[in-house]
Every structure is written in C-alpha cells, then in structure tokens.
Amino acid sequence: MRFTLRQLQVFLATAHFENVTKAADSLAMSQSAASGALKDLESQFDVQLFDRVGKRLQANELAKLIRPKAEALLEQAVELEQDLIQKKEVGHLRLGATLTIGNYLAVGLMAEFLRESPGAKVSLEVANTASIARQVLNFDLDIGLIEGELQHQELDVQHWRDDELVVFCAPHHPYAKLRQLGDEELVSAQWILREPGSGTRQGFDRAMHGLLPDQTIALELQHTEAIKRAVEAGLGISCLSRITLEEAFKHGTLVPIKVPGRDLQRAFYFILRKDKYLSAGVKQWIQLCRRTDV
C-alpha cells in the first residue's frame, strides 16, 4: 500500500482546517511533520490535493472526491483497532441537534446511550436545521437530528418520529377565551416566532400558507424559552413544538389554542452523509432513538 493512515489523517485534518499548522496541532504533530506527510502523499501518486487561496489551503475536486472514502477508511481502522485490543467502547460520537430536540430530547437519550456504553464519548452541537446540515456535510458531525424538512443530494434523510406544533398564548391574552382561531384572528395577532432557517419556523410557515404576507411578526427569537417568556409577558402569541410546552400547559402559565384547518403536524429526522461509513456508535444511536420514547 502506497499511503499510510497517518497521511490520511493529515489530509483530512488539512481539509477540515484549511491550514497545515492547525491540522498538525489537532493531531499533536509538528508543522513540518504534517507538511511532510501531506507532501509525501501527493508525490507518491503525482497529484495535487489542495489549492492555495490566500492563507488557506482549499481542497480541490480530487480532494473532495476522495475525502468521504478517506473518512470511512479511518473510521473502520479505529473500529478494527478497538476490536483487536478487545475494547467494547463505541468511541467518540459527534451529535448535532436542532434546538427543540437538543434542549428537550437529546440529553435524555445521551444519558441512556452512556448507560449502555459507559466507555463512549459523546458531544452535542445544538443549532438550527441549516447549521446542523452544513456540519454534517462537512464531516464535523457524525449524525444530525433535525425538525425541519430537508432535501440535499449528499444527505440521507430518515424519518425518526412524529411531532406536533401548537399555537399558544398567555392565560390573560384575549385569545385564551376563544375556543378556536380562524384566519381573521391569525392575521390580527402579534406573532413571536423562531428565526428563519429553523425547523419550527419552516413548519409554521407551511401551516400558515396563504396568510403569511398579512401576518404581523413582532419578534423573531432563536431560543424557545425566550419565546415562551415573551408570550407569558403578553407580547403576542406563538407556535412551538408540543414537547416544549407540556410543563407550561400543565402549570397554566401558557394556554394552547386550537387552529382548525391548519396542518400543524410535522416530523423529526436523522440526517447523515450518504457516503459516510456508519460506525457502531452511529448505528447504536439510531437504534436507541427508534426504540426509546422520550
């Protein structure tokens, strides 16, 4: 074999950081050793893998082509090493989740995952759907859990579980006395919503088709709890996942409102790169999510 796993590590780290010095630091190597490993890899096959753009090393088309295969090969090598030394750990699992899932579901799932695999290491990145998708595509995350519909030719989008959005207000809001809201009330309301790019906002916009141009958006906030506090303060009404509102409904600090004729059903999804090797940890995580009701 004309390349080494170390050379592949340097190649992948350089593709990630777009800088040899940062790549070397991440691998606990000297800058000269990392540069030498990358140069040897290119010279052995008489190829160039990066174009210099200012101070950055940008992966060229050949590098983009081989990167998924190199990622998969290294992940399999790590699993092989664990098998050879007879360790049962699933290694490091890098999770990404959108805000509703990350704040209300992921922690419980992580706790169960670590109980089943006590030697595992799990990290969690919480951001909106667009950000999680970008990080999965860039190999920064092994798997994403999202609440927005998504289509991308390089992503495998798998249904996980169903969810429901709920329109709600404060108990002292005039709408709290209404049995249901029609289009007139939906247009007249002051709305406090998640930001564009979030799965929750995407679901709301879809449900309110035909009314969006006439609706008034008073505030756009990135955090679910901030939206709930703003609604409690009487600044407007909102629409969030039922799982984020159960405690507030139970204690009466917020009130659900029926909106007949508007489809507020949606789903949560797993997203993975189609060309990414599925490690034992990723497979175990998916199995846990599918069987656990959290």
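Observations on the model:
- Taken together, Gly281, Gly261, Gly236 contain a single residue that is on the phi > 0 side of the Ramachandran plot, surrounded by 19 or more Cβ atoms within 10 Å (Cβ to Cβ) and not assigned by TED's automatic domain parsing to the domain that holds Glu75, which is Gly236.
- Some residue of region 58-69 being among the β-branched types (Val, Ile, Thr) and loosely packed, with under 15 Cβ neighbours inside 10 Å: no
- Residues in region 240-289 that are part of a helix (DSSP H, G or I), in contact (Cβ under 8 Å) with a residue 60 or more places away in the chain and among the polar types (S, T, N, Q): 2 in all.
- For region 208-234, the set of residues classified as free of Cβ contacts under 8 Å to residues at least 40 places away in the same chain, of a type in the set (A, V, I, L, M) and either under 19 Å from Leu186 (Cβ atoms) or part of a loop (DSSP other than H, G, I, E, B) (or both) consists of Leu211, Leu212, Ile217, Ala218, Leu219, Ile227, Ala230, listed by residue number.
- Output for region 26-48, where each listed residue is of a type outside the set (Gly, Ala, Ser) and assigned to a helix (DSSP H, G or I): Gln31, Leu38, Lys39, Asp40, Leu41, Glu42, Gln44, Phe45
- Those residues of region 141-163 which are acidic (Asp, Glu) and in a loop (DSSP other than H, G, I, E, B), in sequence order: Asp142, Glu147, Glu149, Glu154
The values are calculated or read from the model by the stated rules, or taken from the named source; none is laboratory data. Remember, predicted model here, so these are calculated numbers, not experimental data. Ideal geometry is used to build each Cβ from the backbone, glycine not excepted, and the neighbour counts take in all protein chains shown.
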